[in-house]
1. Conditions first: (1) part of a helix (DSSP H, G or I); (2) farther than 19 Å from F139 by Cβ. V306 passes all but one, so which condition is the exception?
2. I'm trying to understand the selection: among the residues of segment 170-182, which are closer than 15 Å to G13 by Cβ and open to solvent by less than 40 Å² (accessible area, probe 1.4 Å)?
3. Only residues that are part of a loop (DSSP other than H, G, I, E, B), hydrophobic (A, V, I, L, M, F, W, C) and open to solvent by less than 40 Å² (accessible area, probe 1.4 Å): list them for segment 50-74, please.
4. Restricting to helices (runs of 4 or more DSSP H) lying wholly in segment 81-196: which have 3 or more residues that are over 20 Å from P42 (Cα atoms)?
5. What single numbered condition from (1) in contact (Cβ under 8 Å) with a residue 24 or more places away in the chain; (2) at negative phi; (3) surrounded by fewer than 13 Cβ atoms within 10 Å (Cβ to Cβ) fails to hold for G259?
6. Taking Q231 and the conditions (1) open to solvent by 60 Å² or more (accessible area, probe 1.4 Å); (2) touching a helix residue (DSSP H, G or I) at 6+ places or on another chain (Cβ under 9 Å); (3) of a type outside the set (F, W, Y); (4) without any contact (Cβ under 8 Å) to a residue 40 or more places away in the chain, which numbered condition does it fall short on, given that it satisfies the others?
7. Here is a list of conditions, (1) touching a Pro at 6+ places or on another chain (Cβ under 9 Å); (2) open to solvent by less than 10 Å² (accessible area, probe 1.4 Å), and D40 meets all of them except one; can you say which number that is?
8. In segment 195-203, is there at least one residue being within 30 Å of L239 (Cα to Cα), open to solvent by 70 Å² or more (accessible area, probe 1.4 Å) and modelled with pLDDT of 90 or more?
Amino acid sequence: MFTKMHAVARQVGQIVVGKDLQVRQALTCLLAGGHLLIEDVPGVGKTTLAHALAISLGLQFNRIQFTSDLLPADVAGISIYEREKNSFVFHPGPIFTQVLLADEINRATPKTQSGLLEAMEERQVSADGVTRALPEPFFVIATQNPAHQVGTFPLPESQLDRFLMCLSLGYPDPAAERALLLGEDRRSMLKTLPAAMTPVELGVAQRALRAIHTSAALVDYVQALAQASRQNGAFAEGLSPRAAIALLQAARAWAALEGRDHVIPEDVQAVLVPVCAHRLRPLKSAHGIALASRDLVLQLQQAVPV
C-alpha cells in the first residue's frame, strides 16, 4: 500500500540530490494530511522540492509568488460584475487546487498571510458571504526565507501552528553539489517527470494510517512531551493540543513508511523536531542568549523518558 510512496521518494531524490531525509520527512507530512513549511536561504532547492513532490504525487498544482503588494483576493478569488449575466460572478483564485505552492510566504503582509488560515484549517474559502470547498486532497507547501533577510514579515504563531511540519534543506554536501553542477538542469528534469502515484492512491494511503496501532504507553509518551514543553522555562509557551495531535499523526505516517503497522517511540522522535521546533518560541536565558528551537526540542526529548 505504501510501496508507491517509496517510489515517489526515490523519484524526488533524483531531483533534490543528497536530501533523502528531508524528502522522507516531506512525504511523511503529506501522507499525514498536513501542510509543509520549508525554511532556508534562497537557492538551496525549496521550490524545486515542492514542484517535484506535487508532480510525483500526480496532484494539480498552482504557484503563488508572495510579495508585499499581494492581496487576499489575489489568492482566494474575486467576484466580477458581468453585464451579460447582469450579476456578479465569482472567479476562483489559485488557491483552488490540490497543491498550493506559497513561494516566499513571509514576503507577503500579515493581512494576506492570514487569508490562508481558513483554507489550511478547514479546507474551505469564504468570499462574499459564500463558503466554497477546496479540492481534495488540499496541501499548502510554503517556502520562506530566514526572518533576518530584508523584506520579510514573520509568520504569526497561529499561522505557524497550521503547518504540520517545518523543514530546512541546508547546503548540499560536496558530492551532491558536484552532481548538481555537472548534471542536467533540475528545471528541465521537472518538465519530463512522470507521476509515480495518483491522488486516489494517496487518499487510500492516508486513510490506511487509521489502522496504524498506537498503544496507550505511546500516547502517554506524546502527552509527556507536550506537558514537559509547557513546564519548560526555556519556551515562551508549550505545545498546544493541536501540536500533540500533529505529532502523533506524523509518527503514524513515519511508521507506515518504515513498513510497520504500529508506532514506536523512535517514530515520535524521528518527527519531533520538524513537527515541534517551529511551534516553540525560545525565551532568552539570564545571559541574554536564546538557543535555537531545534536545540531546545532535542533537549526536551532527552529530558522526557520513554
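1. Answer for V306: the failing condition is (1).
2. The answer is P172, A176.
3. Answer for segment 50-74, where residues must be part of a loop (DSSP other than H, G, I, E, B), hydrophobic (A, V, I, L, M, F, W, C) and open to solvent by less than 40 Å² (accessible area, probe 1.4 Å): L57, L59, F66, L70.
4. By residue number, 110-114, 117-122, 157-160.
5. Every listed condition holds for G259 apart from (2).
6. The single condition Q231 does not satisfy is (2).
7. So D40 meets the others, but not (2).
8. Checked segment 195-203: no residue is within 30 Å of L239 (Cα to Cα), open to solvent by 70 Å² or more (accessible area, probe 1.4 Å) and modelled with pLDDT of 90 or more.
The values are calculated or read from the model by the stated rules, or taken from the named source; none is laboratory data. Bear in mind that the values here come from a model prediction, so they are computed numbers and not experimental data. Cβ atoms come from the backbone with ideal geometry, glycine included; neighbour counts cover every protein chain shown. The area values use the complete protein model at the heavy-atom level, side chains included, leaving out ligands, DNA and RNA. Shrake-Rupley method; radii C 1.70, N 1.55, O 1.52, S 1.80 Å.
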